[in-house]
Every structure is written in structure tokens, then in C-alpha cells.
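Remarks on the structure that follows.
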Amino acid sequence: VPELPEVETVRRDLVRALTGAVIASVTVTGRRTIRRQSAVEFTDALAGRTILGCRRHGKYLLVDLDDQRVLVIHLRMSGQLRYEPDPQSPLVTHTHVVIDLVGGAQLRFVDPRTFGEMFVADDLDERGVPVELAGLGLDPLEHGVDPSTLAGLLARRRTALKAFLLDQSAIAGIGNIYGDEICFAAKLRPDRRTDSLSKAEVRRLSGAITDILAEAVELRGSTLRDARYRDVSGGEGGFQSHHFVYAREGKACLRCGRSIERTRIAGRSTHFCTKCQR
Ligand SMILES: [Zn+2]
């Protein structure tokens with residue numbers, strides 16, 4: 001499942017591939033991908049527009065158009081964006097949207113499980129984020145999560161640390177993989193209550209959020225065995241071989257050798273070391 005580092009990798013690729021490109025036409029074949037507006041409204045809003053750039057907030061991609069509108073893309077469970085220089089190359093199954101660019105290249109949206117979505121938004125808030133996404137909290141890469149902001153967010157939510165990290169209304173972009181890795185890097189148990197953290201622990205958590213996400217972006221994200229996450233050229237990420245705890249249940253902790261434990265928090269499998277994390 002793409003989280004912030006995977007979506008950021010796609011964003012950087014899209015900036016390179018799409019900035020300045022003009023959309024010739026759009027073809028929608030999957031019925032579930034466009035669900036906030038009709039397919040006709042969607043394709044009409046995009047045809048003829050020039051792409052100015054691509055931003056990201058949390059796990060959402062925000063493609064800026066030359067009429068102030070924004071093409072919003074959410075990959076969700078299994079969505080992939082593919083940049084295809086050759087429009088004659090065959091479409092893979094589960095291709096639901098094809099955006100034809102002037103000059104012949106295509107941007108294709110492939111999504112086997114069809115949870116992903118795209119829509120064109122007009123109305124942006126003061127952060128430049130579409131009002132439809134107003135419920136999203138701060139983006140930890142864009143703005144950073146300094147210890148005092150983090151302390152405020154933690155104090156307002158009396159929940160398990162892992163549940164807090166997954167809560168998109170506090171910090172946007174962290175999912176199950178990076179939630180586990182951030183807790184390990186911060187040396188904090190994922191079941192610690194958010195209002196029990198000392199000042200020093202909040203500082204560690206703040207550093208871990210920044211460090212883990214930056215390192216994962218550097219390595220172009222994590223492609224797991226299901227191979228669902230691919231970049232816009234179909235390439236895999238490299239951070240999966242740097243996981244300390246995620247999906248390592250029963251294996252030796254890479255730092256202390258004790259067996260990694262698995263539990264469930266907020267309905268999600270959670271992996272941690274009982275010796276390294278307190
Ligand atoms: Zn350990």
C-alpha cells in the first residue's frame with residue numbers, strides 16, 4: 001500500500017515527466033475510479049489543460065493545472081500511475097484511466113482493486129489543498145513535525161502511539177509500514193499511550209518521523225512481495241530491505257537479536273521489539 005514515501009517518489013517522477021505537458025484527451029474505462037464527478041465532467045475539465053507541476057499532501061497527489069484547478073489522485077490500496085512514452089504499447093489489465101498528452105505520451109492509471117480515485121477540484125484552502133481533503137492533518141515532509149507541534153497533537157489524542165501515527169487527521173501520509181518503523185526508530189512501543197510520552201520521548205519521535213520518511217524517500221519507497229507499489233516507470237523501491245520490524249514477526253531483531261513480536265493496534269498488524277522499544 002503506497003504511503004508517503006512511495007507517493008513522494010511518484011510525485012518527483014511526475015514533476016519530471018509532466019511539467020509543461022498539455023493534455024490532449026482523457027479516456028475513462030473503469031467506473032469506480034471517477035466517483036465524485038461524472039466521467040464526462042472529469043474528461044472535459046482536463047482536456048486542453050497545461051500541467052504546471054505536481055504537489056503532494058499526505059498520500060494524495062495534487063497535479064496543478066493552468067486554470068487554477070487541481071487533478072487529485074489517490075492510489076489507495078493498489079493504484080499505480082504509469083508514464084508511457086509510447087501510446088501504442090499495450091494497456092495492462094485494470095487500466096482505468098488514460099491521459100493522452102500532446103506529443104503522444106500517456107499517463108495511465110492502473111488499479112486492480114479499484115479503491116483508488118481521481119477527481120478535478122476547484123476549491124483550495126489556504127494550504128493550497130482541495131477542500132475535499134480539509135480533514136487531513138499536517139504533511140510531515142512538507143512542513144516537518146517539530147517537537148512542540150507534535151506534543152500538542154499527541155496530548156489531544158489519548159490513544160496508542162501506532163493508532164496516532166495512522167490517524168490521517170493528525171499527521172497525513174504514514175501507514176502501517178512506516179508507523180512500525182517510526183516506533184522502532186524512536187525506541188517506543190507502538191502500544192504506548194500518546195499522553196504518557198515524556199519530553200525526551202516526543203523529541204525522539206519527532207526525529208524518527210523525519211528521519212524514517214526522508215530515508216525511505218531517498219530509497220524510492222518500499223515494494224513488498226505483493227509488488228503493488230511501482231514507480232511511474234514500473235520500477236521497485238529499495239527501502240523494503242531496510243525494514244527493522246515491519247513484517248518481521250518471529251525473526252531476530254536486527255539490533256538486539258530478540259524475536260520480533262506482532263500484535264494488533266487499530267485493527268492493523270503491528271510489529272515491534274520488546275527489548276529495544278519501551
Ligand atoms: Zn531489539
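Annotations for the structure displayed:
- Of interest is the spacing of the C-alpha centroids, which for the range 209-276 and the range 28-80 amounts to 29 Å.
- C-alpha long axis of helix 199-218 to longest principal axis of the chain, angle in °: 40
- Helix 147-156 and the long axis of the chain differ in direction by around 80°, with both axes built from C-alpha atoms.
- Inter-probe distance in nm under a simple model that places probes 7 Å from Cα toward Cβ, at Asp211 and Gln68: 4.4
- Sorted peptide list for 116-126, 74-84, criterion being average Cβ within 10 angstrom, highest first: 74-84, 116-126
- Whichever lysines have a C-alpha closer than 24 Å to that of Lys275, once near sequence neighbours (fewer than 8 apart) are set aside: Lys162, Lys187, Lys199, Lys251
- Computed from the C-beta positions of Asp123 and Thr29 and an R0 of 22 Å, the FRET efficiency is 0.20 to the nearest 0.05.
- Rh by Kirkwood over Cα pairs, then Stokes-Einstein D for the chain at 1.306 mPa s and 10 °C, µm²/s: 81
- Projected label points at Asp146 and Glu41, each 7 Å from Cα along the beta carbon direction, are separated by 4.1 nanometres.
- HN-Hα J in Hz across the range 117-129 - Karplus 6.51, -1.76, 1.60, θ = phi - 60°, x for Gly and Pro: 8, 9, 7, 9, 10, 9, 9, 10, 7, 5, 8, x, 9
- Degrees, to the nearest 10: 176-185 long Cα axis against longest axis of the chain: 40
- Among His57, His143, His96, residue whose mean-square fluctuation peaks in a GNM of the chain (springs only between Cα atoms under 10 Å): His143
Rule-based calculations on the coordinates, nothing more; no lab input. Bear in mind that the values here come from a model prediction, so they are computed numbers and not experimental data. Because the Cβ atoms are built from the backbone with ideal geometry, glycine has one as well, and the counts that use them run over all protein chains shown.
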